[in-house]
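Worksheet for the structure shown next.
The values are calculated or read from the model by the stated rules, or taken from the named source; none is laboratory data. Predicted, not measured: the structure shown is a model, and the values here were computed from it. Note that we place each Cβ from the backbone using ideal geometry, even for glycine, and neighbour counts take in every protein chain shown.
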Amino acid sequence: MRKKGDVLGSAYVRKVFYSREDKCWVAVAPEISGCAAHGQTDTEALQELDEAIRAHLAVRQKMGFAIPKHAAGQENAGRVLLRLPKTLQQNLREEAAEEGVSINQYAVYLISLARGQRHPVLA
């Protein structure tokens, strides 16, 4: 689950999940390496994460370190450049041709399928 707060640093993505191993809710800010918090509820974990983000950013600023960039507001162009082994590329090209679609459409289909989503091209 993703949530955003309304505090300093709120543009950073927050993810919260229940950890059976730790028996508590864990909240992380993936764009800030190592920045995480926990709580007895998801709300508490997110509140603790807000504090951790504020403290992390304050220390980085005080020490003159770069502030991590956040993904919020960045536009997704819909393009991804992949370097594939020649044999894999050839296999994908052949399978796409068998389906009568482009290699790009076939790759999107395979990624969607792997993520448990249905893609309308081949579904």
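Entry remark, the stretch 6-20: residues being more than 14 Å from A71 (Cβ to Cβ), polar (S, T, N, Q) and at pLDDT below 90 number 0 in total. Kindly evaluate K23 against the criterion of being closer than 16 Å to P68 by Cβ, surrounded by fewer than 20 Cβ atoms within 10 Å (Cβ to Cβ) and among the basic types (K, R). No; evaluated as a whole, the condition is false for this residue. No other residue among A97, A58 is surrounded by 12 or more Cβ atoms within 10 Å (Cβ to Cβ), outside the structural domain of A36 (by TED's automatic domain parsing), at pLDDT below 95 and not in a loop (DSSP other than H, G, I, E, B) apart from A97.
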